[in-house]
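Report on one structure; see the data block that follows.
The values are calculated or read from the model by the stated rules, or taken from the named source; none is laboratory data. These figures come from a predicted structure and were not determined experimentally. Here the Cβ positions follow ideal geometry from the backbone for every residue, glycine too, while neighbour counts run over all protein chains shown.
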Amino acid sequence: MSRVEKIVSTIVNLFPREKFSSDPFRILICTILSQRTRDENTEKACAKLFARYSDAYELAEADPEDLYELIRESGMYRQKAERIVRVARTIVERFGGKVPDNLEELLQLPGVGRKTANIVLYHAFNQPAIAVDTHVHRISNRLGLVKSKKPEETEQQLMKIVPKDLWGPLNGSMVEFGRRICLPIKPKCEVCPVSGDCEYFLQKRR
Ligand code: SF4
């Protein structure tokens with residue numbers, strides 16, 4: 001097992017995350033709702049929204065203001081409501097009501113970036129994809145897996161070194177690892193199971 005595989009497997013096994021089990025449209029919309037909020041807020045907002053609207057066609061007809069109360073708990077609810085309705089309309093008008101199953105078309109949806117698109121590709125379509133957010137970017141650089149300034153560079157570099165079967169699970173597990181152990185300001189290196197392979201930790205000790 002390579003050093004990279006050992007590190008990523010350790011993190012994935014430490015914080016295993018289940019694959020989302022719902023339809024692609026719900027996965028896409030709930031991923032948009034999850035931006036800059038906690039999981040429990042996302043889950044509540046997502047459940048309320050889909051209790052009222054069941055698919056892209058219904059949401060495409062909605063007025064964004066009608067969504068405010070349903071998704072308020074997810075934060076930034078005005079912007080998210082606008083984006084969700086625009087995404088639903090684009091899916092209906094350009095993609096026949098179905099969420100695209102490829103990166104190029106997902107990136108054509110309003111406000112959908114590489115991170116969201118890659119989450120959808122993995123969870124909704126079972127395709128290998130690495131979603132890089134601030135946690136994955138920070139941790140990968142600290143560990144010395146990559147040397148990059150931007151999340152997109154991190155994604156490209158990780159794709160070259162991480163075994164494909166770990167691409168999808170990497171995001172959820174690394175996010176949790178970043179929230180609990182490899183914190184942005186004061187990482188808890190003393191309890192970290194991959195400290196022996198971490199460039200940041202080894203440099204600090206020198
Ligand atoms: Fe993060 Fe410290 Fe673990 Fe390195 S040793 S991955 S910096 S918590």
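Here is how the numbers come out for the structure above:
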| read-out | value |
| --- | --- |
| Criterion violated by Lys48 - all others in (1) in a helix (DSSP H, G or I); (2) closer than 23 Å to Ala131 by Cβ satisfied | (2) |
| In region 176-196, the residues that are part of a helix (DSSP H, G or I), within 23 Å of the chain's Cα centre (by Cα) and not acidic (Asp, Glu) | Phe177, Gly178, Arg179, Arg180 |
| Residue that is nearest to the ligand (Cβ to nearest atom), among those in region 166-206 that are charged (D, E, K, R) and within 27 Å of Gln35 (Cβ to Cβ) | Lys188 |
| Criterion (within 20 Å of Cys182 (Cα to Cα), buried (at least 18 other Cβ atoms within 10 Å of the Cβ) and small (Gly, Ala, Ser)) met by exactly one of Ala117, Ala131 | Ala131 |
| Residue in region 29-38 that is of a type in the set (D, E, K, R), at pLDDT 95 or above and either surrounded by 13 or more Cβ atoms within 10 Å (Cβ to Cβ) or not assigned by TED's automatic domain parsing to the domain that holds Gly196 (or both) present | no |
| Region 133-168, residues that are of a type outside the set (Lys, Arg), more than 17 Å from Glu5 (Cα to Cα) and touching a residue at least 24 places away in the same chain (Cβ under 8 Å) | Asp133, Thr134, His135, Pro151, Glu152 |
| Residue in region 103-122 that is among the aromatic types (Phe, Trp, Tyr) and farther than 14 Å from Leu28 by Cα present | no |
| Residue, surrounded by the most Cβ atoms within 10 Å (Cβ to Cβ), within region 39-66, restricted to residues that are touching a residue at least 40 places away in the same chain (Cβ under 8 Å) and within 25 Å of Glu18 (Cβ to Cβ) | Ala56 |
| Breaking point among (1) away from the ligand (no atom under 16 Å from the Cβ); (2) closer than 23 Å to Phe20 by Cβ, for Gln156 | (2) |
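For every residue, the table says whether it meets (1) under 23 Å from Met174 (Cα atoms); (2) touching a strand residue (DSSP E or B) at 6+ places or on another chain (Cβ under 6 Å); (3) without any contact (Cβ under 8 Å) to a residue 12 or more places away in the chain.
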site	(1), (2), (3)
Asp23	no, no, no
Ile27	yes, no, no
Thr37	yes, no, no
Tyr68	no, no, no
Ala88	no, no, no
Gly96	no, no, yes
